[in-house]
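All remarks here apply to the structure that follows.
The values are calculated or read from the model by the stated rules, or taken from the named source; none is laboratory data. All figures in this text were calculated on a predicted structure; none of them were measured in a lab. In this analysis, Cβ positions are derived from the backbone assuming ideal geometry, glycine residues included, and neighbour counts consider all displayed protein chains.
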Amino acid sequence: MYKVEATGDLLSFSGQRPAHVAAPMTETPVEAALVEAVRGGDHAAFGQLYTLYARMVHGLLLARVPYGEVDDLVQDVFLLALRKLDSLRDAARFGPWLAMIARNRAMDFHRRRRETDELPDTLAALPAPRAEANEVLAIICELPEAYREPLVLRLVEGMTGPEIAERTGLAPASVRVNIHRGMKLLRERLQGGGKEH
Amino acid sequence: MTDYLWDKTGEPETDVQQLEELLGALRYEPRPLELPEDIVARTARGSFRARQSGQWQRWAVAASLLLTLLAGAWLVVRFQQRDTHREVAQQTETHAQDGQTAPAVATTPNVAAPPNVAVAPHVERVNYRRPARVSPRAGTQRRAPAVAPREQVARNAPTEEALLASLPPEQRAATEQVLLALRIASTRLNDAQRLVQEMSAPRRDDNK
């Protein structure tokens with residue numbers, strides 16, 4: 001087995017512009033260069049892509065599957081992406097492509113779970129702070145899918161709105177609307193459920 | 001306009017901050033990515049494929065050069081053929097002027113001409129006029145077109161076989177070889193072009 005470690009080089013690599021400012025469309029994204037490097041056999045470049053996108057993939061999966069399953073699925077998603085990297089035509093669209101793989105993997109997880117009829121994770125298995133967080137996450141996951149994804153990325157993963165738009169390939173305007181509407185719904189649900197935050 | 005929920009600028013909203021702190025417990029914790037050996041090997045093959053694609057372009061250039069050479073050779077042979085036809089036609093006209101019987105109609109191109117009969121591709125053709133046909137119902141006569149239809153003209157044009165038949169045996173063999181080589185080169189280039197198109201064809205499903 002090979003291990004690709006996330007190194008500090010990545011920070012300087014991605015730190016060319018502030019994190020909250022979306023990249024202009026004319027600029028060649030860092031991702032494209034990294035994808036080409038991976039295609040050329042550079043595994044360290046894939047490590048950099050992993051570091052750049054692991055948080056997004058984690059958030060996308062967390063919005064769909066139980067917390068205990070997410071870490072393994074993140075690895076699955078990246079392995080799948082590496083296997084299928086040749087099929088990615090536009091290297092600059094790595095983020096949206098990876099997000100689609102993550103969503104499909106989450107769906108696949110639920111399909112397999114239904115087939116094998118496994119028992120769901122219990123909240124009692126988690127430590128107290130995480131259990132409470134998981135309760136709130138469960139409420140977020142009951143929201144419509146369009147709101148669920150950006151809210152998890154924003155509140156759980158700590159990404160900013162422009163960052164979410166850039167990574168997932170969604171329009172910043174729609175991300176903004178979905179975050180605000182989702183937050184409004186979440187406030188209503190939390191107040192309605194008797195939780196004070 | 002500052003918006004803490006959107007880009008973390010401006011004054012923080014209390015409930016949003018509290019949610020961030022609470023849900024931060026579930027945040028992604030970095031861990032190394034483990035790559036199986038088969039994937040590593042596959043990626044290495046991917047780089048080999050990239051090298052191969054460059055080699056493929058070189059082959060395409062070589063093939064186009066070969067095609068150019070073959071086309072040049074074919075044109076030379078073609079010019080020689082034309083000269084031969086011209087000479088044969090001149091001989092035919094001379095014989096006609098001397099009182100010998102000349103062929104009234106151009107030889108049918110699809111039938112191989114006997115070696116002693118000249119086939120002149122540029123001999124003037126007599127416009128064929130179809131005999132008037134009597135309609136069985138009305139009994140009226142339909143007038144035949146004054147000019148022969150285009151298909152008929154094309155049919156009367158000398159074909160490759162007729163042209164080859166008019167050549168001396170050695171020249172005919174050489175011409176046939178050149179034509180065969182051209183056909184093979186053309187087929188190869190078509191295959192190459194199709195492959196290149198398939199390689200560069202958009203794969204829509206992958207970039208969703």
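Residue by residue, here is whether (1) among the acidic types (Asp, Glu); (2) assigned to a loop (DSSP other than H, G, I, E, B); (3) modelled with pLDDT of 90 or more holds:
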| position | (1), (2), (3) |
| --- | --- |
| A:GLU31 | yes, no, no |
| A:PHE46 | no, no, yes |
| A:VAL57 | no, no, yes |
| A:ASP72 | yes, no, yes |
| A:GLN75 | no, no, yes |
| A:LEU80 | no, no, yes |
| A:GLY95 | no, no, yes |
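Output the residue which, of all residues in segment A:147-181 that are among the hydrophobic types (A, V, I, L, M, F, W, C) and under 24 Å from A:ARG130 (Cα atoms), is farthest from the chain's Cα centre (by Cα).
Of all residues in segment A:147-181, those among the hydrophobic types (A, V, I, L, M, F, W, C) come to A:151-153, A:155-156, A:159, A:164-165, A:170-171, A:173, A:175, A:177, A:179.
Subset that is under 24 Å from A:ARG130 (Cα atoms): A:151-153, A:155-156, A:159, A:164, A:179.
Numbers: A:LEU151: 11, A:VAL152: 9, A:LEU153: 7, A:LEU155: 12, A:VAL156: 10, A:MET159: 10, A:ILE164: 9, A:ILE179: 15 Å.
Ranking the qualifying residues of segment A:147-181, first place goes to A:ILE179.
The residues of segment A:49-65 that are touching an Asp or Glu at 6+ places or on another chain (Cβ under 9 Å) and either within 14 Å of A:ARG105 (Cβ to Cβ) or without any contact (Cβ under 8 Å) to a residue 12 or more places away in the chain (or both), listed by number, are A:TYR53, A:MET56, A:HIS58, A:GLY59, A:LEU60, A:LEU61, A:LEU62, A:ALA63, A:ARG64.
Looking at segment A:82-93, which of its residues are in a helix (DSSP H, G or I), over 17 Å from the mean Cα position of the chain (by Cα) and either of a type in the set (S, T, N, Q) or within 7 Å of chain B (Cβ to nearest Cβ) (or both)? Selection gives A:ARG83, A:ASP86, A:SER87.
Screening segment A:109-130 for residues that are surrounded by 15 or more Cβ atoms within 10 Å (Cβ to Cβ) and modelled with pLDDT of 70 or more and picking the one that is farthest from A:LEU61 (Cα to Cα) gives A:ARG130.
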